[in-house]
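The values are calculated or read from the model by the stated rules, or taken from the named source; none is laboratory data. The structure displayed is predicted, hence computed values, not measured ones. Glycine gets a Cβ as well: all are built from the backbone with ideal geometry, and neighbour counts include every protein chain shown. What goes into the accessible areas is simple: the full protein's heavy atoms, side chains included, and nothing from ligands, DNA or RNA. Shrake-Rupley method; radii C 1.70, N 1.55, O 1.52, S 1.80 Å.
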Amino acid sequence: MITAFFQSIPLMIVLTGVLTGISAALLGSFLILRGNAMLTDAISHSIVFGIIVVWLLTGQTSGPLQVLGAAITGVLTVVLSELLARSRLVKMDAAIGLVFPALFAAGVILISINARNVHLDVDSVLLGEIGFVWLNTVALFGVDVPVAVATLGAVLVVNLTFVLVLWKELKLATFDAGLAAALGFLPGVLHYAILTLTSVTAVAAFDAVGAILFIAFVVVPPATAYLLTRRLWLMVVLAVGFAVAAVISGYFLALHWNVSIGGMMASMTGVWFTLALLFAPAQGLVAQALRARTERLDHDCRALVAHLFTHQDTPAMAEENTLRALVSHLRWTAPRARAAVLRAHDRDLIERRDGLLCLRPKGTAEVEAIFGRSNA
């Protein structure tokens, strides 16, 4: 059964995506909260320089030395960016934009000069091909397992152990670095540890999914989860869930439409984000629009009861306390006037009496509260 599982091409493709998505989302949640999401893009591109340098020094295109070299380059990118930003000559976003293109360009140049005949090209690093992960296998306990699955499985174990063991420290350092430093939790060390693991995860994911899908998994699922909750543990769980959902739905849609599997998985992360952006209960655009509409209606209700109160029991009441007067005197549109009247009626602020709009006791109390706040 185990052998059949690892020999299933669809399962290995999906498993590779799931392992990448979970590993990336675990770290990405903290990067999003720290405001360091774009460092992922910088690291993902600049470690090309580390990969080619390690190859030039050792002749190895994979293995622990490649992972170590790429991780060092990723951390170097962050260090150089922060040093440049601390000079106060440029801001952090500009510093990142200066450092990682320089390292990436240097890596591309070294590849073009020294690795013309070596299977180490920029397209494979950036785009990857998750559909072919089952071709490259390694024997583990007598079972042929895709190298990508074995590597990413090990990376996931490391990332998950790091997050679980240092959960309290990571949480405190993320939300209050000053207090974390005062308590001796070394937030700077934790920051670079997360970035180092991000670099390692990026290298492990390159052959299988490429930099673009890796960046999508690091940034988009945590950003989607952040729209839905402000509780860290729930955000991490939701981020992992969205990553897994993007992998599974992206795979089947790619088969259905005969398109790039990795590209569709990345696209699905964007689909989930768009749905959350629109329909998140508290932060979604639809919820914000409904709140804004409710606030406008409540404002119109206050204006309406104030208008009615001003003319209540006066000779002008017959003319002013009508729907027509709201349109002509307050310069409201007819739909706006009707919506305000309905809203005020639903809130038991007004009633119709002899064809006129009249205040109910609750409406009178509302007006007195308004004028009381104004006088205060």
- Message: Mean Kyte-Doolittle hydropathy of 0.5 or higher plus an axial Cα length of 15 Å or more: which whole DSSP H helices in the chain meet both?
- Response: 9-34, 37-58, 64-86, 92-114, 147-165, 187-228, 232-257, 261-279
- GNM, the chain, Cα, under 10 Å: largest mean-square fluctuation among Ala25, Ala334, Ala85? Ala334
- Would you list Met265, Met317 from the most to the least accessible area, probe 1.4 Å? Met317, Met265
- Average projected area [Cα convex hull, the chain], square nanometres: 29.2 nm²
- Accessible area, probe 1.4 Å, largest first, for residues Phe175, Phe141, Phe309, Phe217: Phe141, Phe175, Phe309, Phe217
- Message: So, taking all protein chains as they sit and a 1.4 Å probe, how much accessible area belongs to Lys171, in Å² rounded to tens?
- Response: 100 Å²
- Item | Accessible surface, per residue, of region 239-284 when the full set of protein chains is kept, probe 1.4 Å, Å² | 48 Å²
- Do the sum for the chain: with -39,500 (n - 2.57) for every DSSP H run of n ≥ 4, divided by all residues, what is the mean residue ellipticity at 222 nm, to the nearest 500 deg cm²/dmol? -26000 deg cm²/dmol
- Query: Cross-link partners among aspartates and glutamates for Lys168, C-alpha distance below 14 Å, same-chain residues fewer than 8 apart left out?
  - Reply: Asp176
- Query: Quick one: Karplus J couplings for region 313-329, per residue in order, coefficients 6.51, -1.76, 1.60, θ = phi - 60°, nearest Hz, x for Gly and Pro?
  - Reply: 6, 10, x, 7, 4, 5, 8, 7, 8, 9, 5, 4, 5, 4, 6, 7, 8
- Item | Formal net charge of residues neighbouring Pro222 (Cβ-Cβ distance under 14 Å; K, R +1; D, E -1) | +3
- Hey, can you find the accessible area per residue of region 13-114 for me, probe 1.4 Å, expressed in square angstrom? 41 Å²
- Item | Heavy-atom accessible area ranking, 1.4 Å probe, most first, across His45, His345 | His345, His45
- Message: Please report the carbon-and-sulfur percent of the accessible area for region 205-262; probe 1.4 Å, protein heavy atoms only, DNA, RNA and ligands left out.
- Response: 71 percent
- Task: Compare Ser260, Ser328, Ser29 in a GNM of the chain, Cα atoms joined below 10 Å, and give the one with the largest fluctuation.
- Result: Ser328
- Take every Cα-Cα pair in region 173-254 and report what % of them are more than 21 Å apart. 44 percent
- Message: Ranking request for peptides 5-11, 360-366: highest mean number of other beta-carbon atoms within 10 Å first, then the rest in descending order.
- Response: 360-366, 5-11
